[in-house]
Each structure stands twice: as structure tokens, then as C-alpha cells.
Amino acid sequence: MTMVLAFGLAICGTPMVFSQDTPLLSGGVAFLTNTTKGNTSYQPIIEPLTAVPLGKNFLFESRALLVESFNPDGRGGYDHSHFIGLTYMQGDYVANPHLTVVGGSFILPFGTYNERLSPVWINNFLNAPLDVQLGLLGTGTGVGGELRGSAIRTPKYSIDYTTWFSARSGNAYFNSERSFGGRSSLYLPPQRLEMGLSYDRSLQGTQENFYGAHVWWEPEDEGFRLRSEYARGHHAQGYWIEADYRSSAFGGLDSWVGRFEPLFRINQTFRRDTVVSDGVPLVNTQQADFGLDYNLPHNTRILTSYSRQFASTGDVNIWETGIVYRFLFPAWKGRR
Amino acid sequence: MKARHWIPGLMMMAAMGVAALSAPQAHTQAAPPRGAQVKVKAYQSPKRAQSEDEGQKIFDQNCSRCHATPEGFSSRISGTIVRHMRVRANLSAHDEQVLLQYFNQ
């Protein structure tokens, strides 16, 4: 609660040093549908993000999630439920050119999906990969501190790092496990190739280790993008590979053809035993996702996908559609 | 879906709502869109054009790696965006400065 009040004071009382440092409001508004085994559910979502610079070296940032879910009740009608909460709320201090110190409730930087792709206005698919919970220690957030930055930066390669420690928190708003971990990535700008490794360890209960690796490749001026991630825990492992493409051959990316974005993703999870501790399906599962997104003008996207899931418990068809609007504007007028 | 999850969320949204309502003219001075194919303007000094090229490159390599290019935003938040990206994308100090110049050109 104290952090929320501090945020309120910060956003209301921050003196603006530079006009370009006005606090911003960003995020996404979406309406999603999911049809699984013939049952259709609906989800209006608002996911706002705020970033407030404080002086020359501080930044306060936070993201919230508001979801209303309408699900079939089995009697021909619909039940609805809602969720409102903060995804993260953190303060960042840029200590030097290679180090940023983060404190508060932060997104666990394990792999790439949780930190980079999970916002509704970023993800190409409406559903997360099957193994997404591996390494996220239940909540996907930590309460504590994080050190991160660019270790080396040259025209031919760069290395960045993130390391963190989280305390155990049973707080209703900021729940986390006592844990630590880190991630490091090597990026080759000429090849547009990124490779990274992640590790984290839960320091409470069963004290499991989780290992992750990711490879992203986005060749220059090709409109093609390949993302992949592998994660392994004590009881399960899995991977996903996602490819998407936008053609500029028919009048550029902003032509009506260039706005189409076909997608494909393959997911597989493998159980090593039946101990449930990681959110991965209880039996070995494969899923193929076929998507077709359309990038409308004015930061709006239409997302559609069909998924076929294969498992010994039964195969499932999943149809998803959604429309997402991304907003980004100053929180107030600010000083010129 | 615990009821207590409402409290911080509502406070957050209230703070955002107040902030947004207090800026009724926030959209009026949007900077030119920075798309993936930003065209060089009619005349630019070689140094400025080079800076813009480098800024475009840094944008493509770091920001566009994860998300689509926002179609346009106010120049009043360019510094905030760059600082946010510095943390999120682990930008170097050099990249942060070049990106800021690129946004402000």
C-alpha cells in the first residue's frame, strides 16, 4: 500500500526537468475470444503501463492488468469473473553506463516471453506457450532487487545481463517466492541474431533449479522473424519456436497486403515425473499454432489463430480472435 | 479473483485517470511517426543524416526486436520512452543518447 501511495505522490508531484521527460501512459486495450472444445469465452482486457522519470537517473514504472472473463456456465448461459491487479511496480536507478539498479516488484527475467512478449499489445498470439510457467516460480514476479545493463557494446556484438534476488512475499498484491536468478544474452547486430541463457532457483520448499535458453533471429530487411525458447525444470521441460513474416513486396509494409502477418508456432512439453510444481501440462503435450494477424493503422491489430493440441488426455482444437489497440501518450501536458 | 486485488488496481487506475484527465491537450503536438521505413527529409546535413541512420538502426535492433513500431507519439515523452527502453532492452548509454536524438529530430 505504501508503494501505491508513493507512486501516487510521484506521479502528481514530480517536477519536470526536461519537457521530453513528461510521464507517459501506455499499454493496450483488447477484446479477445477463445473457443476451446466448442466453448467460447470472451475477455475484455485493459493493460495500462506508466513510466515516470524522476530527476536524471530515476525511473518509476508500473503495469496493471484488468480482465473481465465471460465463460460458458454449462447451462446455456455465461458466468463472469474479473481480475484487477498490478503486474509489476518498480523503481529504476541508472547508476552508470553499464548498470541499472531495480527495486520493488519486478517481472522475472527468465527466458524472453515473460518480460518481453507477455504484454497484450506486443504478443503475436493471444495464448502463451505451453511451457511458459517453467522458471517463473508461480507468479512470474519477484519482490526485491535486480541488477541489469549492457556489459559490452561494440558494432559487432553486445552482451547484456540481468541478475536478481527475490524475497518471499505473501502479500496479496505482490506475491513472490524467495529465489534468485539471472539471464545473459549475446547479440550480433550484423546477423541480427540473439542467443541467451537463463537460470533461476527457488530457495523455498523444494528448492528447484530452472534452466533456460533462447535464440532470436531477425534478418535485416526481410520481414521475417524467428523466436525460440527452451526451459527445463526438475519435473518438466519444454520449448517453443515461433516464426512470423510481413511482406514488403506488394507496396511496402503499410500496403493492405503488407499489413498481413502470418504466424506459426510449435510448442512441446515433456514431463519428467508427475509432481506438479511448474504449471506445465500433466502429460506430454504438443501444440501447433497457426495465426494470421492484420496490422491496422493507428496502432491497432487484429489477431486470429487456430491451434491443435495433441496429448494422451485428448486432442483439442483452439480458435482465438482478438482486436488490440495500443496507446501511448503523455500523462499530462508537461513543461515546454 | 480475490476482492483485495481490487484495491491497488483501482488506486492505480484512479491515479492514471486523474493524470490523463489533467492533460486534455496531450495529443495535440504529436511528433512525426517513426516507422520502420522512415524517409530522410528534403535536406539534411550529412552529420544529421548519419545520426538519423544510426538512430534508425538502434531502434530496429533493440526496440523493433520485440514490438511493432508505435505510429506516432508526442515529443514530450521521447526522453521517458528512451529511459524506459534503456532499462527494458538493456540499452547502452550511447544507444540511449543516439535514440533520443533520433526521436527528437
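The values are calculated or read from the model by the stated rules, or taken from the named source; none is laboratory data. Treat the numbers as computed from the prediction; the structure is a model and nothing was measured. Positions of Cβ are generated from backbone atoms using ideal geometry, with glycine treated the same way; all protein chains shown enter the neighbour counts.
For region A:73-118, a residue qualifies if it is within 30 Å of A:TYR239 (Cα to Cα) and among the charged types (D, E, K, R), and the qualifying residues are A:GLU115, A:ARG116. Across region A:128-143, the qualifying residues are those that are assigned to a loop (DSSP other than H, G, I, E, B) and of a type in the set (S, T, N, Q), and the one among them that is modelled with the highest pLDDT is A:GLN133.
Just the residues that are assigned to a strand (DSSP E or B) and within 21 Å of A:PHE106 (Cβ to Cβ), please, taken from region A:195-215. A:GLY196, A:LEU197, A:SER198, A:TYR199, A:ASP200, A:ARG201, A:SER202, A:ASN209, A:PHE210, A:TYR211, A:GLY212, A:HIS214 - these are the residues of region A:195-215 that are assigned to a strand (DSSP E or B) and within 21 Å of A:PHE106 (Cβ to Cβ). Checking each residue in region A:31-73 for being more than 12 Å from chain B (Cβ to nearest Cβ) and closer than 19 Å to A:GLU115 by Cα picks out only A:ILE45.
Only a single item in (1) more than 9 Å from chain B (Cβ to nearest Cβ); (2) among the charged types (D, E, K, R); (3) under 22 Å from the mean Cα position of the chain (by Cα) is not met by A:ASP92, and it is number (1).
Name the single residue, out of those in region A:172-189 being part of a loop (DSSP other than H, G, I, E, B) and more than 10 Å from chain B (Cβ to nearest Cβ), that is farthest from the chain's Cα centre (by Cα).
A:ARG178
Residues considered: A:ASP79, A:ASP92. Of these, the only one that is without any contact (Cβ under 8 Å) to a residue 40 or more places away in the chain, surrounded by fewer than 18 Cβ atoms within 10 Å (Cβ to Cβ), over 25 Å from A:GLN286 (Cα atoms) and of a type in the set (D, E, K, R) is A:ASP79. Going through (1) assigned to a strand (DSSP E or B); (2) among the aromatic types (Phe, Trp, Tyr); (3) away from chain B (no Cβ under 14 Å); (4) surrounded by fewer than 18 Cβ atoms within 10 Å (Cβ to Cβ) one by one, A:TYR230 falls short only on (4). When A:PHE106 is tested against (1) within 11 Å of chain B (Cβ to nearest Cβ); (2) assigned to a strand (DSSP E or B); (3) touching a Leu at 6+ places or on another chain (Cβ under 8 Å), only condition (3) is not met. Could you please let me know if A:GLU222 is within 14 Å of chain B (Cβ to nearest Cβ), out of contact with any Asp or Glu (no Cβ under 6 Å at 6 or more places or on another chain) and not in a loop (DSSP other than H, G, I, E, B)? No. Among strands (runs of 3 or more DSSP E) entirely within region A:241-328, having at least 3 residues that are over 22 Å from the mean Cα position of the chain (by Cα) and surrounded by fewer than 19 Cβ atoms within 10 Å (Cβ to Cβ) singles out A:260-271, A:300-311. Take the conditions farther than 27 Å from A:ARG192 by Cα, aliphatic (A, V, I, L, M), over 18 Å from the mean Cα position of the chain (by Cα) and surrounded by fewer than 19 Cβ atoms within 10 Å (Cβ to Cβ) and apply them to A:ALA167. Does it pass? So A:ALA167 passes the test.
Here A:ALA128 fulfils each of the conditions (1) within 11 Å of another protein chain (Cβ to nearest Cβ); (2) in contact with a helix residue (DSSP H, G or I) (Cβ under 8 Å, 6 or more places away or on another chain) apart from (1).
Applying the criterion of being among the charged types (D, E, K, R) and more than 23 Å from B:PRO70 (Cβ to Cβ) to the residues of region A:292-334, the residue that is nearest to the other protein chains (Cβ to nearest Cβ) is A:GLU320. For region A:247-290, filtered to residues that are at pLDDT below 90 and acidic (Asp, Glu), the residue that is nearest to A:THR321 (Cα to Cα) is A:ASP254.
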